[in-house]
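Have a look at the structure below before the remarks.
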Amino acid sequence: MSLLKVSGTKIVDEKGEEVILRGAGLGGWMNMENFISGYPGCEYQIRAALAETIGAEKSEFFFDKFLEYFFQESDAKFFSSLGLNCIRLPFNYHHFEDDMNPRVLKESGFKHLDRVIDLCSQYNIYTILDLHTAPGGQNTDWHSDHGGHIANFWNQKDFQDRTIWLWEQLAVHYKGNKWIAGYNPLNEPTDPYHTRVIAFYDRVYTAIRAVDPEHAIFFDGNTFASDFSHFGDSHKKWENTAYSIHDYSTFGFPAAPEDYVGTESQQRRLRRSYEKKREWMDARGLCVWNGEWGPVYARKQYEGEATEKINEVRYHVLKDQLSIYNKDRLSWSIWLYKDIGFQGMVYVSTKSAYMTKFADFLAKKHRLAVDAWGADVSAVQHVYQPLIDHVLAEIPEKFRDLYPAPVWKLSDRVGRLARNILVAEFLVNEWAAHFVGMDEAQLDELAKSFLYEECQKREGLNKILTDNATLVKEA
């Protein structure tokens, strides 16, 4: 067995035979996200708050156990049983480097990453390493873990230099590992000038190739992996490289423009959104990988009797997207494998220790819409609408479309700053207070809620994924 590589529009094995990578992202694990595990704000905020609340030793114990239990052999076995063959592994640079001690490698960062890569290999599952959080924040959202809405990664060269350094360390460590399908150097960049992202890709490509000339590289498009329109002839410098889109459809979210029933016009909108993201690659005969996509799902504790009906609509969107992807023999990684019940293939039981302890807090978070992802703002829109109206009244239309518009509309920007940053910040210590008085045995029990054996399966989603996990080989 040798490393996979990119050849033209395809990913191929050592015999030159096509390998279609289909699987999921292990989001919320080595890069925690608020909607995935139920905290408010950003990961660095809750880690600091918990250390202050219960002490650094107990806090580190809990987070280490969380990482341990979140993905184990039973997860890999189940994942493989669905016919899926690839897991994208998002990680946070903080596992490998401290901001106050830059360019000093924390070997401890490899502890769980190596463990999961090894587990996956035992079940013939490839992995793709995804730097989801870079120093300074490479995008404007919570999942780059910088606590603001300005992606300062693009404004300070040292942040970029540190990221180059980190990828050099990772490439040294993983060079020759045949179960790693490739490196995804930067998740969802948002460079408002559209040029610095290309310059950074040149640098990180050169740095990786100097150490590891063989692993494939997966480059995300700019503006949340949606836009390659400024890339020009950049691809001519990059060999063994695929290009990643993130193909989320608004029809799969609470703020859908209309109920999805699969009309011809709705399917055309699905196709056009997808095709627009990959236009640049198709015009040049390049390989496309869909690194993130997928609907979110209703939960009975919030949506009540409407839950099943809502989720049938979401499955309809899912199937129609897969129909498009199958025609293109597209490799993809759905978002996501495991969470507390919003989007995962596997999700933490509402009867678990974690969900029981945080039930009221999670309901409050949901009502206040402090997570941006798939937010239902109906209970709080009256609070924020006056601010939106104020901007509309005072700011001329031609000055309202601040980057990353049009991905962010005015309401999205107000929501990010007012709900998802400001209000969420006030909830961080309230989240941490739930841990007061707990000993290590109780903390361990809380973390065990994320064990596969303690979780439930989203059977409808998993059946659809299994039905589309493999395609018949081309003649």
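The values are calculated or read from the model by the stated rules, or taken from the named source; none is laboratory data. Nothing here was measured: the structure is a model prediction, and the numbers come from that model. Here the Cβ positions follow ideal geometry from the backbone for every residue, glycine too, while neighbour counts run over all protein chains shown. In case anyone asks, the SASA skips ligands and DNA or RNA and just uses the protein heavy atoms, side chains included. Shrake-Rupley method; radii C 1.70, N 1.55, O 1.52, S 1.80 Å.
The figures follow:
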item	result
Single unsatisfied condition, Ala255 versus (1) hydrophobic (A, V, I, L, M, F, W, C); (2) closer than 26 Å to Trp408 by Cα; (3) at pLDDT 95 or above; (4) open to solvent by 10 Å² or more (accessible area, probe 1.4 Å)	(3)
Flag if Ser449 is surrounded by 17 or more Cβ atoms within 10 Å (Cβ to Cβ) and of a type in the set (S, T, N, Q)	yes
Flag for Tyr93 being open to solvent by 20 Å² or more (accessible area, probe 1.4 Å) and under 21 Å from the mean Cα position of the chain (by Cα)	no
The listed residue being touching a residue at least 12 places away in the same chain (Cβ under 8 Å), in contact with a Gly (Cβ under 8 Å, 6 or more places away or on another chain) and over 17 Å from Glu43 (Cβ atoms), out of Ile128, Ile164	Ile128
Residue pairs meeting the criteria (Cβ under 7 Å; at least 6 apart or on separate chains; first outside any helix (DSSP H, G or I), in segment 25-52; second among the hydroxyl-bearing types (Ser, Thr, Tyr))	Gly25/Ser333; Gly25/Tyr337; Leu26/Tyr337; Gly28/Ser37; Asn31/Thr133
Qualifying position, being within 15 Å of Trp332 (Cα to Cα) and of a type in the set (Val, Ile, Thr), among Val261, Val288	Val288
Index of the failed condition, Pro404 passing every other in (1) in a loop (DSSP other than H, G, I, E, B); (2) touching a Lys or Arg at 6+ places or on another chain (Cβ under 8 Å); (3) of a type outside the set (Ser, Thr, Tyr)	(2)
Scan of segment 55-73 for residues that are assigned to a helix (DSSP H, G or I) and open to solvent by 30 Å² or more (accessible area, probe 1.4 Å), ordered by number	Ala56, Glu57, Lys58, Glu60, Phe61, Asp64, Lys65, Glu68, Glu73
Conditions (1) of a type in the set (A, V, I, L, M); (2) in contact (Cβ under 8 Å) with a residue 12 or more places away in the chain; (3) surrounded by fewer than 23 Cβ atoms within 10 Å (Cβ to Cβ); (4) under 24 Å from Leu362 (Cα atoms): number failed by Leu119	(4)
Qualifying residue in segment 96-103 (condition: part of a helix (DSSP H, G or I), open to solvent by 30 Å² or more (accessible area, probe 1.4 Å) and not acidic (Asp, Glu))	no
Residue within segment 356-367 that is assigned to a helix (DSSP H, G or I) and over 16 Å from Tyr39 (Cα atoms) present	no
Segments classed as strands (runs of 3 or more DSSP E), wholly inside segment 160-266, with at least 3 members that are touching a helix residue (DSSP H, G or I) at 6+ places or on another chain (Cβ under 7 Å)	241-246
Residue ID - surrounded by the most Cβ atoms within 10 Å (Cβ to Cβ), chosen from residues in segment 10-36 that are closer than 24 Å to Asp282 by Cα and among the basic types (Lys, Arg)	Arg22
Every pair of residues 6+ apart whose Cβ atoms lie under 8 Å, when the first sits in segment 272-284 and is more than 20 Å from Lys237 (Cβ to Cβ) while the second is part of a helix (DSSP H, G or I) and of a type in the set (A, V, I, L, M)	Tyr274/Ile324; Lys277/Ala225
Lone qualifier among Asp412, Asp439 - being open to solvent by 40 Å² or more (accessible area, probe 1.4 Å), among the acidic types (Asp, Glu) and over 22 Å from the mean Cα position of the chain (by Cα)	Asp439
Residue in segment 403-415 that is more than 24 Å from Asn139 (Cα to Cα), out of contact with any Asp or Glu (no Cβ under 7 Å at 6 or more places or on another chain) and of a type in the set (S, T, N, Q) present	no
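Okay, residues lined up against (1) farther than 20 Å from Val377 by Cβ; (2) modelled with pLDDT of 95 or more; (3) buried (at least 21 other Cβ atoms within 10 Å of the Cβ); (4) aliphatic (A, V, I, L, M):
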residue: Glu279; (1), (2), (3), (4): yes, yes, no, no
residue: Asp282; (1), (2), (3), (4): yes, yes, no, no
residue: Gly285; (1), (2), (3), (4): yes, yes, no, no
residue: Pro295; (1), (2), (3), (4): no, yes, yes, no
residue: Arg299; (1), (2), (3), (4): no, yes, no, no
residue: Ala306; (1), (2), (3), (4): no, yes, no, yes
residue: Tyr315; (1), (2), (3), (4): yes, yes, no, no
residue: Asp328; (1), (2), (3), (4): yes, yes, no, no
